[in-house]
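Working notes for the structure below.
The values are calculated or read from the model by the stated rules, or taken from the named source; none is laboratory data. These numbers come from a predicted model, not from an experiment. Methodologically, a virtual Cβ is constructed for each residue, glycine included, from the backbone with ideal geometry; neighbour enumeration extends over all protein chains shown. To get the accessible areas, we keep the full protein, side chains included, count just its heavy atoms, and leave off ligands, DNA and RNA. Shrake-Rupley method; radii C 1.70, N 1.55, O 1.52, S 1.80 Å.
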Amino acid sequence: MPTPAPPFAAGLLAELRAARRVMVFTGAGVSAESGIPTFRDALTGLWQTFDPMDLATPEAFGRDPDLVWGWYEWRRMRVRRAAPNPAHRAIAALAARVPGLTVVTQNVDDLHERAGSPAVIHLHGSLHQPRCSLCAYPFALPDAEPLEPEAGRRLAPPRCRQCGGAVRPGVLWFGEALPADAWRAAEAAAGGCDLLFSVGTSGVVHPAAGLPLLAARRGATIVQVNPHPTDLDRVADHSLHGPAGGLLPALLAAAWGGE
Ligand code: OAD
């Protein structure tokens with residue numbers, strides 16, 4: 001049975017207060033209340049409207065770089081115009097309560113950072129760090145917003161200042177390996193934490209989705225926050241079914257509000 005929330009189970013509050021090393025693992029759902037679409041939600045998920053094989057593979061970029069660059073610029077503009085929501089802010093505030101907090105995200109936005117979380121581990125890259133598709137030289141995005149964002153607008157990618165190659169989005173595509181340093185740090189955090197929050201992820205994209213399972217095998221308490229059931233319900237010690245922007249601030253207030 002899912003934990004009714006709120007009020008939260010006394011056991012959950014005690015485990016949260018006692019935890020010394022906490023990992024917060026997030027997916028697209030943590031940014032949903034900022035107006036950023038998820039991938040797999042019925043009706044609103046990006047993969048309901050767009051085919052990832054046309055947009056999120058190295059082959060797609062090779063075939064039609066303007067389509068791919070335009071789509072990611074549309075997504076980057078949406079993120080620029082969005083603001084962190086109470087879930088991002090609660091996660092940042094948790095750092096003041098927990099001695100060792102690590103935030104690991106599958107998201108390519110910068111909303112955790114803008115909410116005040118330092119050193120966020122990005123497993124799937126970042127919309128804000130494009131690089132050359134040939135020589136990997138970083139490309140500095142201009143600060144000004146280029147054009148009114150529009151889904152499906154083709155846009156020629158800029159050229160690399162070093163070698164002239166086409167600049168590609170700094171995100172991970174299907175068929176690519178995760179950044180090794182980020183993955184190592186995420187595995188270490190999952191394997192060494194007392195408590196892991198899994199927030200706003202469907203948990204279907206591996207290897208990232210294996211992190212809560214690794215933490216569970218090592219004996220960590222698993223707390224899931226998601227309005228909908230996922231496979232992690234079978235493993236989680238506490239499944240809080242509701243939007244993260246409401247549940248996470250309420251949970252922190254319940255755990256420490258009286259101090
Ligand atoms: P998904 O779209 O697969 O899942 C989003 C999850 O967020 C769903 O389980 C929703 O129920 C949940 N959700 C929606 N609104 C929420 C809210 N307000 N609060 C909490 N949860 C909410 O997104 P991810 O799990 O992040 O990969 O997807 C994983 C990866 O698949 C992404 O990183 C991306 C995608 O293809 C790459 O781009 C490589």
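Could you check which residue among Pro52, Pro142, Pro118 shows the biggest mean-square fluctuation in a GNM of the chain with a 10 Å Cα cutoff?
Comparing Pro52, Pro142, Pro118 in the GNM, the peak value goes to Pro142.
Can you find, among Ala56, Ala82, Ile121, the residue farthest towards the positive end of the dipole of the range 10-155? Put +1 on the C-beta of Lys and Arg, -1 on that of Asp and Glu.
Of the listed residues, the answer is Ile121.
Taking a ≥ b ≥ c as the square roots of the Cα gyration tensor eigenvalues, with a/c under 1.5 meaning rounded and otherwise prolate when a/b beats b/c, else oblate, which class fits the chain? The partial results should precede the final answer.
Working: a/c = 1.99, a/b = 1.88, b/c = 1.06.
It is prolate, given that a/c is not under 1.5 and a/b is the larger ratio.
If I take R0 = 45 Å and measure r between the Cβ atoms of Phe50 and Trp256 in this structure, what FRET efficiency does the formula 1/(1 + (r/R0)^6) give, to the nearest 0.05?
Values: r = 41 Å, r/R0 = 0.91.
After rounding, the FRET efficiency stands at 0.65.
On the protein heavy atoms, probe 1.4 angstrom, tell me the percent of accessible surface of the range 129-259 carried by carbon and sulfur. Provide the component values of the computation, followed by the final result.
On the way: 3440 of 6420 Å².
Its accessible area is 54 percent carbon and sulfur atoms.
If I take R0 = 22 Å and measure r between the Cβ atoms of Arg81 and Ala188 in this structure, what FRET efficiency does the formula 1/(1 + (r/R0)^6) give, to the nearest 0.05? It would help to have the intermediate numbers written out before the result.
Working: r = 35 Å, r/R0 = 1.58.
Once rounded, the FRET efficiency stands at 0.05.
Given R₀ = 25 Å, FRET efficiency for Cys163-Glu59 by Cβ-Cβ distance, to 0.05? Can you show the working numbers first?
Values: r = 21 Å, r/R0 = 0.85.
The pair Cys163/Glu59 has a calculated efficiency of 0.75.
Would you please name the trypsin sites (Lys or Arg not before Pro) within the range 173-259 that are DSSP coil residues with at most 15 other C-beta atoms within 10 Å of their C-beta? If you can, show how the numbers build up before the last one.
Values: sites: Arg184, Arg217, Arg218, Arg234; in loops: Arg218.
Those satisfying the criteria are Arg218.
Normalising by the residue count of the range 195-259, find the relative contact order in percent from Cα pairs under 8 Å and 6+ residues apart. Walk me through the numbers before you get to the answer.
Values: 80 pairs, mean separation 18.9, N = 65.
Computed value for the range 195-259: 29 percent relative contact order.
Please arrange Leu43, Leu214 by accessible surface area, largest first, computed with a 1.4 Å probe and ligands excluded.
Largest accessible area first, the residues go Leu43, Leu214.
If each DSSP helix of 4+ residues adds -39,500 (n - 2.57) and the sum is divided by the residues in the chain, what number results at 222 nm, nearest 500 deg cm²/dmol?
Only helices count here, giving -9000 deg cm²/dmol.
Please list, by residue number, every one of the trypsin sites (Lys or Arg not before Pro) in the range 46-89 that is coil in DSSP and has at most 16 other beta-carbon atoms within 10 Å. Display every interim value, and only then the final one.
Numbers: sites: Arg63, Arg75, Arg76, Arg78, Arg80, Arg81, Arg89; in loops: Arg81.
Filter output for the range 46-89: Arg81.
Gain in length, Ala10 to Arg218, computed as 0.36 nm per residue apart minus the alpha-carbon separation, to one decimal in nm?
On the way: separation 208, 0.36 × 208 = 74.88 nm, distance 2.27 nm.
Between Ala10 and Arg218, full extension yields an extra 72.6 nm.
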